[in-house]
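Each remark here refers to the structure printed beneath this line.
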Amino acid sequence: FQTQSLRLSDLHRKSQLWRGIVSVTLIEGRELKAMDANGLSDPYVKFRLGHQKYKSKIVPKTLNPQWREQFDFHLYEERGGIIDITVWDKDAGKKDDFIGRCQVDLSTLSKEQTHKLELPLEEGEGCLVLLVTLTASAAVTISDLSVNSLEDQKEREEILKRYSPMTMFHNIKDVGFLQVKVIRAEALMAADVTGKDSFSKSDPFCVVELNNDRLLTHTVYKNLNPEWNKIFTFNIKDIHSVLEVTVYDEDRDRSADFLGKVAIPLLSIQNGEQKAYVLKNKQLTGPTKGVIYLEIDVIFNAVKASIRTLMPKEQKYIEEENRLSKQLLLRNFIRMKRCIMVLINAAYYISSCFDWDSPPRSLAAFLLFLFVVWNFELYMIPLALLLLLVWNYFLIVSGKDNRQHDTVVEDMLEDEEEEDDRDDKDSEKKGFMNRIYAIQEVCVSVQNILDEVASFGERIKNTFNWTVPFLSWLAIVALSVFTIILYFIPLRYIVLVWGINKFTKKLRSPYAIDNNELLDFLSRVPSDVQVV
């Protein structure tokens, strides 16, 4: 029985570990089929490799779309696999139109080499242009507690050497190393009720996720206090990722039942410390039953992590489509309103200075205005932002920071969770929503736009509030560099270098993916909802 159990354990381990990474860059489409009455289409692309799925952005009103998006797949089979690709035309208010399909047979492509593919679409017109690269697997492992990489002195030294300052420009995507010990859980929720005496039990297993890397423990049957004693290791591609550990109850007749979840930002981890984490609900807004014991170690290269911060985030596999939610729409409206109120209050404050409501304040503002305008230089803009960051830092360090905990967002999230529960129960009764699909889609778009605008404002605020110290320090370094550059170098030279770079970028690298470093940086700063 033990031998059989070990074999099953090995089989379970091999079924999860990927042997390589497939990087697909979607460049463009050419002469696609027109699906709309105006003779154009609104195309987007879906990719599928096994259970892994991605969806590109929609490019409106064109037959020759330019996407320039990158997606990474895990390759589980040594002999390769087949990526199924379908192209669709987005239609508001009705089912999307099928434009065509094609496939990429990975077994025909050589590894460690980038292949440019022009794939004609079957059952349609035109073609897609892709760049496909197969690389060897990152160091992702599952092992028992007896096999511990960081306790082996030789292996630990090798890992530390790999992420030392001397390797800061070698393999920028390999930012760091994460080791997660999943030890045990206690007092879990009973998901199954069986037997004459209504004996409660669960069959718990644990899912450990870091972005798109997803590994599982074995199932411990009929136990509310399971011991897994497993070690998972991951390569870190983005230090701003959040480690998610979810406990499920295995159910052979239907999908697994959710028991609890914890989410741990990598930058908040204290190395080598075994901690008991209270399991939370799906929305992470409040506790559920049980605790899980984890010990986590993070080793990373700070320079690589900083450089990666200014690059686009890794996209998640296709998740559930956003649905219309009254509470979510209200929450995003209130968040948007709070951001706008900050600007309105600032405008009122400036207006009160002009109106001399408070003579000392108006006099001070007037003298400051004369001094700044008379002596203004461009380098003073990043310098002012730098001083604001430093001022907030000293407020926090000295304990004088009197910012209130964001209970408003917490309350809204709890209301939203209750509404989600009601929606799940009443989903069958609400079939009429399908008949007003077009209205719902517009409302969802408004809901998402409100979320994006509110998140943008909150992320700027949280950068200056030192919500994530690593990012605030990075902002201090960047603003210091900009201040020095603007102080010593005339603006015309800076604009000249910027313009030459922009005009020649496509000539130097035709298939480069466009990105904005500032927006990439802000995408790593959590919004108020993410903080909660």
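The values are calculated or read from the model by the stated rules, or taken from the named source; none is laboratory data. Not measured: the values here are computed from a predicted model. As a convention, Cβ positions derive from the backbone with ideal geometry for all residues, glycine included, and neighbour counts pool all protein chains shown. For accessibility, only protein heavy atoms count, side chains too; no ligands or nucleic acids. Shrake-Rupley method; radii C 1.70, N 1.55, O 1.52, S 1.80 Å.
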Can you give me the long-range amide H partners of Leu75? Hydrogens built in the peptide plane at 1.01 Å from N, cutoff under 5 Å, separation of 5 or more residues or another chain.
Arg19, Gly20, Ile21, Val22
Compute the signed sum of charges (Lys and Arg +1, Asp and Glu -1) over the other residues within less than 13 Å, Cβ to Cβ, of Ile172.
+2
Using label points projected 7 Å from each Cα along Cα→Cβ, tell me how many nm separate Glu377 and Ala37, to one decimal.
6.2
How long are the three semi-axes of the equivalent ellipsoid of region 242-377, in whole Å, if each is the root of 5 times an eigenvalue of the C-alpha gyration tensor, listed from largest down?
48, 24, 17
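Assuming a ≥ b ≥ c are the square roots of the Cα gyration tensor eigenvalues, decide whether region 224-307 counts as rounded (a/c under 1.5), prolate (otherwise, with a/b larger than b/c) or oblate. Kindly include the intermediate steps, with their values, before the conclusion.
Working: a/c = 2.02, a/b = 1.90, b/c = 1.06.
Since a/c reaches 1.5 and a/b is larger than b/c, the shape of region 224-307 is classed as prolate.
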Amide H proximity to Lys33 below 5 Å, modelled H, separation 5+ or other chain, gives Glu125
Scale the Cα Rg of region 153-309 by the rule-of-thumb value 2.2 N^0.38 Å and send over the ratio, two decimals.
1.19
Added length on full extension, which subtracts the Cα-Cα distance from 0.36 nm per residue, Gln70 to Trp473:
142.2 nm
Mean separation of Cα contacts under 8 Å (6+ apart) over length of region 153-309, as relative contact order %:
29
Please state the relative contact order of region 15-136 as a whole percent: Cα pairs under 8 Å, 6+ residues apart?
33
Residues whose modelled amide H sits under 5 Å from the amide H of Gly100, counting only those 5 or more places away in sequence or on another chain, are Val87
Quote the relative contact order of region 39-81 in percent (integer), defining contacts as alpha-carbon pairs under 8 Å separated by 6+ residues.
34
Under Karplus coefficients 6.51, -1.76 and 1.60, residue-wise ³J(HN,Hα) of region 453-461 in Hz, glycine/proline x:
5, 5, 4, 4, x, 5, 5, 4, 4
From most to least accessible, 1.4 Å probe, no ligand or DNA/RNA atoms counted, Trp88, Trp498, Trp67 line up as Trp498, Trp88, Trp67
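Contour minus end-to-end for Glu273 and Asp144, with contour as 0.36 nm per residue of separation and end-to-end as the Cα-Cα distance?
Full extension of this stretch gives 44.6 nm more.
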What is the Cα radius of gyration of region 15-136 over 2.2 N^0.38 Å, N being its residue count?
1.09
